[in-house]
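Visitor: Sending over a structure as structure tokens; questions will come in a sec.
The values are calculated or read from the model by the stated rules, or taken from the named source; none is laboratory data. Computed from a prediction, not measured in an experiment: that's the story for all the values here. Glycine gets a Cβ as well: all are built from the backbone with ideal geometry, and neighbour counts include every protein chain shown.
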């Protein structure tokens with residue numbers, strides 16, 4: 001038991017849990033947030049979540065690997081549809097880092113709301129297990145979260161960050177901006 005305690009109470013793990021909980025809170029309370037405030041805050045939290053995930057100490061599953069999941073389909077849809085409504089037409093972006101892009105002549109549309117809901121699902125399940133306070137489960141949840149970060153939600157996070165950057169700083173009169181370069 002000492003091995004998993006050493007890892008799960010590491011300062012970098014505590015920092016990650018703190019940022020992860022803030023991310024979940026932001027996603028869950030998006031309904032009561034103004035669009036610009038949501039975009040600004042998300043643009044600040046996502047890089048922190050990414051950096052904190054990179055700093056996590058190495059960890060391997062020690063138990064049977066079956067952990068309780070807390071996020072229901074209704075929870076997922078609530079987060080997704082709330083963000084979709086908040087962003088409106090800016091919810092859609094073109095993703096170039098999909099495996100399918102190698103074989104496609106046309107860009108592939110993605111949704112910020114879906115990506116954030118996917119990240120939320122994994123992070124919220126992780127935070128839920130951590131709140132239960134069972135060391136072995138906490139350790140295995142950390143291991144699973146790290147693996148999912150590497151294979152799944154880390155790339156979604158950086159793609160979504162790029163899309164949200166565009167939402168915040170796009171000038172919607174791009175034609176006028178393009179003209180000034182050709183004068």
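Visitor: Working only within the range 57-76, note down all residues that are part of a helix (DSSP H, G or I) and under 20 Å from residue 18 (Cα atoms).
Guide: Those that are part of a helix (DSSP H, G or I) and under 20 Å from residue 18 (Cα atoms): none in the range 57-76.
Visitor: If I ask for residues that are modelled with pLDDT under 80 and part of a helix (DSSP H, G or I), which ones from the range 80-107 would you list?
Guide: Selection gives 99, 100, 101, 102, 103.
Visitor: Continuing with the same structure: Do the conditions hold for residue 161, that is, is it in contact with a helix residue (DSSP H, G or I) (Cβ under 8 Å, 6 or more places away or on another chain) and under 20 Å from residue 20 (Cα atoms)?
Guide: It is true that residue 161 is in contact with a helix residue (DSSP H, G or I) (Cβ under 8 Å, 6 or more places away or on another chain) and under 20 Å from residue 20 (Cα atoms).
Visitor: Is there a residue being within 19 Å of residue 152 (Cα to Cα) and part of a loop (DSSP other than H, G, I, E, B) anywhere in the range 46-56?
Guide: Within the range 46-56, one or more residues are within 19 Å of residue 152 (Cα to Cα) and part of a loop (DSSP other than H, G, I, E, B).
Visitor: If you don't mind, another one. Being outside any helix (DSSP H, G or I) and either surrounded by 14 or more Cβ atoms within 10 Å (Cβ to Cβ) or free of Cβ contacts under 8 Å to residues at least 24 places away in the same chain (or both) narrows it down to one of 131, 156, 110, so name that one.
Guide: Exactly one of 131, 156, 110 is outside any helix (DSSP H, G or I) and either surrounded by 14 or more Cβ atoms within 10 Å (Cβ to Cβ) or free of Cβ contacts under 8 Å to residues at least 24 places away in the same chain (or both), namely 110.
Visitor: Restricting the search to the range 122-143, which residues are more than 22 Å from residue 37 (Cα to Cα) and under 15 Å from the mean Cα position of the chain (by Cα)?
Guide: Of everything in the range 122-143, those that are more than 22 Å from residue 37 (Cα to Cα) and under 15 Å from the mean Cα position of the chain (by Cα) turn out to be 122, 125, 126, 127.
Visitor: If you scan the range 22-38, which residues turn out to be closer than 18 Å to residue 118 by Cβ and in contact (Cβ under 8 Å) with a residue 40 or more places away in the chain?
Guide: 23, 24, 27, 28, 30, 38
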